[in-house]
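One structure below.
The values are calculated or read from the model by the stated rules, or taken from the named source; none is laboratory data. Computed from a predicted model, the values in this text were never measured in an experiment. When we count neighbours, we look across all protein chains shown, and the Cβ atoms used for this are built from the backbone with ideal geometry, even at glycine. When the accessible area is computed, the model is the full protein with side chains, heavy atoms only, and any ligands, DNA or RNA have been set aside. Shrake-Rupley method; radii C 1.70, N 1.55, O 1.52, S 1.80 Å.
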Amino acid sequence: MSVSAAQLEERTQDSSELLEGIMPSAITFAMMLRHRNMSAWLRTEFDGYQNADAAPAYRRGLPGHIVAKSPQYGWIPAPVNPQQTTDFGRLDLTEGIKDLEQFCLSSKKGNGKRIQLSKEITAVLQKQINLSAELAINVSREEYSKILKIVRGTLYLWAQALIAQGLTGEHNHYTAEQRALVAELDDPQTFWRKATAEADSLPMPEIKTAGFFDRMFGRAS
């Protein structure tokens with residue numbers, strides 16, 4: 001399989017390319033370069049994290065809106081104060097990239113995903129607000145999209161750094177000299193921290209919004 005840093009850089013900026021399709025090639029590329037840290041991070045992002053403690057900062061403590069289930073009106077905003085929203089209205093997203101991407105592709109801007117609160121947290125919050133209704137957190141599509149942009153931005157910045165070190169052209173194999181040239185770039189945390197800080201300024205495409213037929217048939221517009 002022939003891959004290159006320039007090809008990866010280009011694919012991350014292409015709105016028609018899903019991360020689900022880019023990441024397997026990126027994993028292969030990282031393995032060819034002996035970038036074990038990068039390939040491990042990519043695999044975990046692709047498959048999902050086993051627990052929240054293992055997830056990176058950009059997946060932790062994401063803000064949401066606490067909602068309650070009303071017998072008459074369905075899910076409505078819960079009667080919580082700002083402090084309760086701060087204490088209970090955040091969660092960690094551990095799902096793999098495919099699941100995050102599919103949610104964004106199957107929903108419109110402004111939509112959110114309702115996630116059940118744990119029994120323990122529900123019991124504490126129900127007591128505080130004197131309400132026995134079922135409680136959940138509604139996390140906006142924007143928060144899911146932000147994770148995807150950070151991961152995509154990480155790949156973009158990594159590819160740029162490889163190119164800057166002179167790793168150009170497509171190869172089926174990289175020599176020991178070529179690998180040594182970019183060995184210090186096997187540091188996903190440095191790149192995802194930079195991608196997190198610069199997410200709004202990086203040339204990453206917005207996640208596509210699904211139309212009616214796309215939602216019906218499971219395809220992005």
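In nm, to one decimal, how far is the modelled label at Ala123 from the one at Ser16, with both set 7 Å along Cα→Cβ?
5.5
How high is the FRET efficiency between Ala197 and Arg43 when r is their beta carbon distance and R₀ equals 25 Å, given to the nearest 0.05?
The calculated FRET efficiency here is 0.55.
Given charges of +1 on the Cβ of Lys and Arg and -1 on the Cβ of Asp and Glu, with all other atoms neutral, how large is the dipole of the chain about its Cα centre, in debye to the nearest 20?
700
State the label only: which of [x] 39, 19, 13; [y] 37, 31, 15; [z] 24, 24, 17 corresponds to semi-axes √(5λ) of the Cα gyration tensor in Å computed from the shown model?
Structure-derived value, by its label: [x].
List the residues of segment 89-113 whose backbone N lies under 11 Å from a point placed 7 Å from the Cα of Lys208 along the Cα-to-Cβ direction.
105-106
Cα-Cα over 18 Å: which of Lys108/Lys194; Lys119/Lys146; Lys69/Lys127; Lys69/Lys108?
Correct reply: Lys108/Lys194; Lys119/Lys146; Lys69/Lys108.
Where the only charges are on Cβ atoms (+1 Lys, Arg; -1 Asp, Glu), what is the dipole of segment 60-144 about its Cα centre, to the nearest 20 debye?
Computed about the Cα centre, the dipole is about 180 debye.
Can you give me the % of accessible surface on segment 60-144 that is carbon or sulfur? Probe 1.4 Å, all protein chains present, nothing else counted.
50
Please work out the C-alpha center-to-center distance from segment 12-55 to segment 132-202 and express it in whole Å.
Taking the Cα centre of each part, segment 12-55 and segment 132-202 sit 9 Å apart.
Give a residue-ordered list of calculated ³J(HN,Hα) values for segment 64-81 (Karplus: 6.51 cos²θ - 1.76 cosθ + 1.60, θ = phi - 60°; whole Hz; x for Gly, Pro).
x, 10, 7, 10, 10, 8, 9, x, 8, 10, x, 7, 9, x, 7, x, 10, 8
Kindly state, to the nearest 0.05, the FRET efficiency for Arg34 paired with Arg90, given R0 = 35 Å and r defined as their beta-carbon distance.
Result of the calculation: an efficiency of 0.40.
Taking just the C-alpha trace of segment 19-68, give me its Rg and Dmax in Å.
Computed over the Cα atoms of segment 19-68, radius of gyration and Dmax are 14.3, 50 Å.
Tell me the per residue accessible area of segment 56-181 using a 1.4 Å probe; a whole number in Å² is fine.
52
Report the extension gain between Glu142 and Ile115 in nm, rounded to one decimal, defined as 0.36 nm multiplied by the number of residues separating them, less their alpha carbon distance.
Computed gain between Glu142 and Ile115 is 8.2 nm.
Quick one: which residues, 5+ away or cross-chain, put their amide H under 5 Å from the amide H of Gly112? H built at 1.01 Å from N.
Correct list: Arg141.
Along the charge dipole of segment 60-144, which of Gly110, Ile97, Gln128 sits closest to the positive end, that is, farthest toward it, with unit charges on the beta carbon of Lys, Arg, Asp and Glu (+1, +1, -1, -1)?
The listed residue farthest towards the positive side: Gly110.
How much FRET efficiency would the formula 1/(1 + (r/R0)^6) give for Arg60 and Glu134, where r is the Cβ-Cβ distance and R0 is 35 Å, rounded to 0.05?
With a Förster radius of 35 Å, E is 0.90.
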